[in-house]
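First the structure, in the form of structure tokens, and then the observations on it.
The values are calculated or read from the model by the stated rules, or taken from the named source; none is laboratory data. All values derive from a computational prediction rather than experimental measurement. Here the Cβ positions follow ideal geometry from the backbone for every residue, glycine too, while neighbour counts run over all protein chains shown. Only protein heavy atoms, including side chains, enter the accessible area calculation; ligands, DNA and RNA are left aside. Shrake-Rupley method; radii C 1.70, N 1.55, O 1.52, S 1.80 Å.
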Amino acid sequence: MTSIGVVIVLVALWALAYKPAKAGVWIIGLPVLLIVLQVACLLNLGWALFFWILFAVCISIYLAPVQRRQWISAPLLRQFRKVMPQMSKTEQEALDAGDVWWDGELFSGKPKWDDLLQLPRSELSSEEQAYIDGPVEQLCKMLDDWQITYHDLDLSPAVWDFIKDSGLFGMIIPKSYGGLEFSALAHSTIVMKIASKSITAAVTIMVPNSLGPAKLLLHYGTEQQKEQYLNGLASGKEVPCFALTGPKAGSDAGAIPDLGIVTNGTFNGNKTLGIRLNWDKRYITLAPIATLIGLAFKLEDPDHLLGETEDLGITVALIPSSTKGVETGERHMPLNIPFLNGTTRGKDVFIPMEMVIGGQERIGQGWRMLVDSLSEGRGISLPALSSGAGKMASRYTGAYAAVRQQFGIPIGRFEGIEEPLARIAGMTYQMEAARTLTLTGLDIGENPSVISAIVKYHMTERYRQVINDSMDIQGGSGICLGPANIWGRAYQAIPIAITVEGANILTRSMIIFGQGAIRCHPHVLKELEAIQEDDEKIAVRKFDKVLFNHIIFVMTNIARTTWLGLSHGRLSKQPVSGIAGLYFQRLNWMSAAFALSVDVALMTLGGALKRKERLSARLGDLVSELYIASATLKQFVTNGKLEEELPLMQWAMEDSLYRMQEALRGLFNNLPIRPLAWILRFMIFPTGFRFNRPTDRMDKAAAKLLLQPSRTRDRLTNHIYTSEDINEKVGLLDLAMEAAFAAAPVEKLLSQARHRGEIDGKESHTMIDQALKKGIITQDQADKLQQAEELRDKVIYVDAFKDLRCKATAKPRKKAAKPKPKPTTDPGTP
Ligand SMILES: Cc1cc2nc3c(=O)[nH]c(=O)nc-3n(C[C@H](O)[C@H](O)[C@H](O)COP(=O)(O)OP(=O)(O)OC[C@H]3O[C@@H](n4cnc5c(N)ncnc54)[C@H](O)[C@@H]3O)c2cc1C
């Protein structure tokens with residue numbers, strides 16, 4: 001009987017923590033419960049005494065704040081100060097940048113799904129849509145990627161002019177300054193569409209619209225600077241670049257050695273206070289043609305011309321490249337994606353103070369300005385490029401797999417090919433979901449720095465995966481470069497996307513969780529603020545308050561995690577019914593598990609977690625997958641929970657849940673305090689690891705969607721460049737797939753007739769003739785077969801170059817200079 005009473009008390013404690021109940025409910029409810037159990041003889045004296053003492057201790061701690069602060073909070077605060085490292089200025093500034101948005105909900109352990117589902121999805125305005133259908137479509141038609149990447153190593157003059165004249169450099173600039181003033185969604189959609197035709201062109205357009213002079217001017221520029229430069233930037237008269245990286249400062253950009261010294265000098269014949277600058281930068285996109293350089297440097301004031309402080313910190317200035325001493329250097333060649341990228345140097349360049357972005361008052365605020373502006377652009381450009389790559393792979397590698405035959409059947413029907421095809425389809429669905437959710441956030445005015453790091457890392461990694469899968473499926477046709485190959489350059493561009501805007505390993509290991517744990521956790525930032533408070537009394541008071549809330553938060557997460565772990569999330573709240581509802585319940589479980597794991601890691605490792613990059617990376621993976629999975633479900637629900645989209649949603653969710661589990665498994669295996677790791681594992685997965693990779697059946701269903709024309713395929717691959725022109729590879733692929741789809745039933749008739757022995761022969765035209773003669777198929781059906789065959793032959797065409805010979809076998813040439821080889825035939829010509 002006593003054990004029943006103990007269980008009842010434990011369940012009551014657990015239920016109150018799960019809720020979590022208000023203080024009054026604990027204070028009144030527990031004594032009442034203990035009295036009832038004692039009267040009912042369900043609790044013996046020993047246990048009753050234990051629970052009463054426990055209750056008395058807790059209540060005294062709660063009701064005696066002065067003593068609590070003195071005996072508990074103050075010593076704990078001293079301990080915290082010892083284990084938490086002091087934050088550097090640059091770290092503090094990075095943390096202050098950007099906003100907390102849906103990422104805050106993910107760290108709460110109990111995301112408000114209704115809020116997510118009620119967020120109105122960002123939509124293109126009619127003006128934006130018209131621009132995409134007009135100038136963007138026209139630009140895509142002008143782009144000849146083989147010509148750009150092999151022959152010219154640059155965009156053509158006509159393309160450069162078109163880009164500038166149509167305002168593509170000014171998508172983020174307000175109309176009042178002559179810009180397009182497009183939404184984040186339109187900006188991303190435009191980059192995605194152009195990237196699907198030419199990555200070189202897309203990157204060229206991305207840079208002025210991302211972190212660069214325009215963005216910095218808009219956020220921080222003086223009115224005079226905006227008036228002076230924004231019109232020129234919008235019209236393309238001014239070409240900007242942004243120069244931060246140099247030979248000695250890459251990922252650790254805060255360590256730039258480029259130096260500015262405050263001094264008096266002469267500019268345009270006038271004596272003025274200014275800065276003498278020396279810099280050496282590399283990898284700078286658009287530097288070779290830039291007329292305006294956004295330059296980041298460290299500023300010092302050794303002669304105290306501005307005040308007491310000598311080391312003024314990172315500062316950003318906007319410098320015309322025509323300024324005396326500026327040297328536009330050599331060009332780099334980024335992996336055959338020849339957007340203009342190169343070096344810039346400055347030797348004793350004197351600039352007046354007015355060239356500092358934001359003027360003198362912004363001196364030293366450069367790092368904060370950069371991180372703030374980066375987090376916005378990072379959520380747009382590379383995710384757009386990645387989603388575009390997924391859509392290209394889904395549409396055109398899917399088409400190729402439907403058309404290309406081996407062993408007498410389309411390769412897409414082999415189980416081995418279904419696996420990478422399903423990955424392409426599922427990841428494209430995930431990427432599109434994450435892209436549009438992030439853009440929704442940006443378009444309602446949020447600037448979520450942790451989310452932008454999540455999408456930068458996880459979408460470029462998925463880009464890497466889908467293009468690698470595409471290359472496998474394309475076989476030799478993906479490898480041999482030429483006008484007919486639409487994959488080679490996308491493959492070569494992968495490391496660029498991985499490296500720029502925060503190299504991926506660094507982003508995963510340090511940024512996502514490192515920033516998230518502090519910025520998005522409901523209590524950690526407040527604790528850190530309390531730690532850094534100089535007034536001891538205020539510090540203890542603040543710390544006491546937040547600590548108390550933090551303890552309740554942990555207790556709630558313990559209660560939630562164990563219950564959700566036991567029930568696999570079932571019985572928890574689901575905002576929608578059906579299979580999507582079930583996945584929401586799984587996410588309830590994983591978000592509680594994540595919140596608990598974060599606190600366990602923070603409590604056991606404290607500031608050392610910063611150095612334990614691999615643990616930090618795993619926690620980052622977990623929150624990233626929570627983000628991608630919540631975006632996936634939002635997309636599915638917003639699209640109307642379509643039956644035909646189920647295979648994509650299911651694949652995406654199973655993949656994300658499996659990745660969450662594996663991140664947790666890695667955490668359990670590597671947490672230094674082993675017993676704690678075992679307890680954590682038992683609480684989260686009491687019945688063992690639950691999630692698996694998508695099954696073969698799921699792979700088959702997702703892959704099938706790429707192998708035939710459908711509304712779902714069109715929706716999955718919308719906003720990329722398509723064509724109905726058979727002379728363009730993408731047009732040819734679409735037509736060939738449609739023809740193969742239309743011919744499939746006739747092929748079946750032919751194959752059945754062959755099995756019955758009514759026709760024979762190996763060549764398809766012989767079989768078609770026989771089948772026609774015997775009335776097995778009609779003329780119309782024969783035509784369909786014929787057309788599918790012809791288009792298939794064209795699809796499998798691979799470029800070969802007559803003049804591309806090995807030097808050892810080439811005949812000696814009289815004239816050295818010869819034009820670059822052209823393919824033996826025009827692949828597009830029917
Ligand atoms: C094509 C191209 C275009 C670019 N455009 C511009 C531009 O317009 N303007 C500009 O200013 N810069 C630009 N960059 C620079 C780009 O931002 C840097 O290349 C990037 O920051 C990485 O620096 P790095 O190449 O020196 O590599 P490194 O910093 O040397 O990094 C090498 C590797 O170490 C990893 N790493 C570094 N620190 C850590 C850590 N603490 N933990 C774990 N891993 C770590 C990185 O993730 C990376 O994998 C461009 C670069 C390229 C290649």
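Scoring S470 on the criteria (1) buried (at least 22 other Cβ atoms within 10 Å of the Cβ); (2) within 16 Å of the ligand (Cβ to nearest atom); (3) over 29 Å from V598 (Cβ atoms) leaves a single failure, condition (2). Selection of the stretch 19-36 for residues being touching a residue at least 12 places away in the same chain (Cβ under 8 Å), of a type in the set (A, V, I, L, M) and within 14 Å of W52 (Cβ to Cβ) yields I27, L30, L33, L34. Is there a residue in the stretch 32-41 that is in a helix (DSSP H, G or I), within 23 Å of F553 (Cβ to Cβ) and open to solvent by 60 Å² or more (accessible area, probe 1.4 Å)? No: the stretch 32-41 contains no residue that is in a helix (DSSP H, G or I), within 23 Å of F553 (Cβ to Cβ) and open to solvent by 60 Å² or more (accessible area, probe 1.4 Å).
Please work out which residue is modelled with the lowest pLDDT, limiting yourself to the stretch 378-435 and to residues that are open to solvent by 10 Å² or more (accessible area, probe 1.4 Å) and β-branched (V, I, T). The extreme case among them is I409. Among the numbered conditions (1) under 17 Å from V524 (Cβ atoms); (2) open to solvent by less than 60 Å² (accessible area, probe 1.4 Å), the only one that K545 does not meet is (2).
Does R614 count as under 18 Å from the mean Cα position of the chain (by Cα), farther than 16 Å from E432 by Cβ and within 15 Å of the ligand (Cβ to nearest atom)? Considered against the rule, which asks whether it is under 18 Å from the mean Cα position of the chain (by Cα), farther than 16 Å from E432 by Cβ and within 15 Å of the ligand (Cβ to nearest atom), R614 comes out as no.
Being more than 16 Å from the ligand (Cβ to nearest atom), among the basic types (K, R) and free of Cβ contacts under 8 Å to residues at least 12 places away in the same chain is a property that holds for K271. Looking across the stretch 339-370, just one residue is farther than 15 Å from G260 by Cβ, open to solvent by 20 Å² or more (accessible area, probe 1.4 Å) and either hydrophobic (A, V, I, L, M, F, W, C) or over 27 Å from the mean Cα position of the chain (by Cα) (or both), and that is E361.
Annotation: of all residues in the stretch 451-495 being more than 19 Å from W146 (Cα to Cα) and among the hydrophobic types (A, V, I, L, M, F, W, C), the one that is farthest from the chain's Cα centre (by Cα) is I473. Scanning the stretch 253-268 for residues that are part of a loop (DSSP other than H, G, I, E, B) and touching a residue at least 40 places away in the same chain (Cβ under 8 Å), which turns out nearest to the ligand (Cβ to nearest atom)? Looking at the filtered set, the residue picked out is I256. Whenever a residue of the stretch 697-710 is more than 14 Å from V403 (Cα to Cα), its partners that are open to solvent by less than 40 Å² (accessible area, probe 1.4 Å) and not in a helix (DSSP H, G or I), lying with C-beta atoms within less than 9 angstrom and at least six residues away or across chains, give the pairs A702/P694. When the stretch 618-649 is filtered for residues that are surrounded by 23 or more Cβ atoms within 10 Å (Cβ to Cβ) and either touching a Pro at 6+ places or on another chain (Cβ under 8 Å) or among the hydrophobic types (A, V, I, L, M, F, W, C) (or both), the ones remaining, listed by number, are L619, L622, V623, L626, I628, A629, S630, A631, L633, F636, L648, M649. Among the residues of the stretch 117-146, those identified as open to solvent by 60 Å² or more (accessible area, probe 1.4 Å), in a helix (DSSP H, G or I) and within 30 Å of P288 (Cβ to Cβ) are Q138, K141, M142. Residue-level analysis places E330 outside the set of residues that are charged (D, E, K, R), away from the ligand (no atom under 16 Å from the Cβ) and open to solvent by 10 Å² or more (accessible area, probe 1.4 Å). Among the numbered conditions (1) away from the ligand (no atom under 16 Å from the Cβ); (2) assigned to a loop (DSSP other than H, G, I, E, B); (3) open to solvent by less than 70 Å² (accessible area, probe 1.4 Å), the only one that N336 does not meet is (1).
Looking only at residues in the stretch 502-532 that are touching a residue at least 12 places away in the same chain (Cβ under 8 Å), among the aliphatic types (A, V, I, L, M) and within 10 Å of the ligand (Cβ to nearest atom), the one that is most open to solvent (accessible area, probe 1.4 Å) is M510. On inspection, S108 does not qualify as surrounded by 15 or more Cβ atoms within 10 Å (Cβ to Cβ), under 20 Å from F548 (Cα atoms), touching an Asp or Glu at 6+ places or on another chain (Cβ under 8 Å) and not charged (D, E, K, R). Listed by position, the helices (runs of 4 or more DSSP H) contained in the stretch 161-252 that have at least 3 residues being within 16 Å of the ligand (Cβ to nearest atom), in contact (Cβ under 8 Å) with a residue 60 or more places away in the chain and surrounded by 24 or more Cβ atoms within 10 Å (Cβ to Cβ) are 199-209, 213-220. When I486, I496 are screened for being at pLDDT 95 or above and within 16 Å of the ligand (Cβ to nearest atom), only I496 passes.
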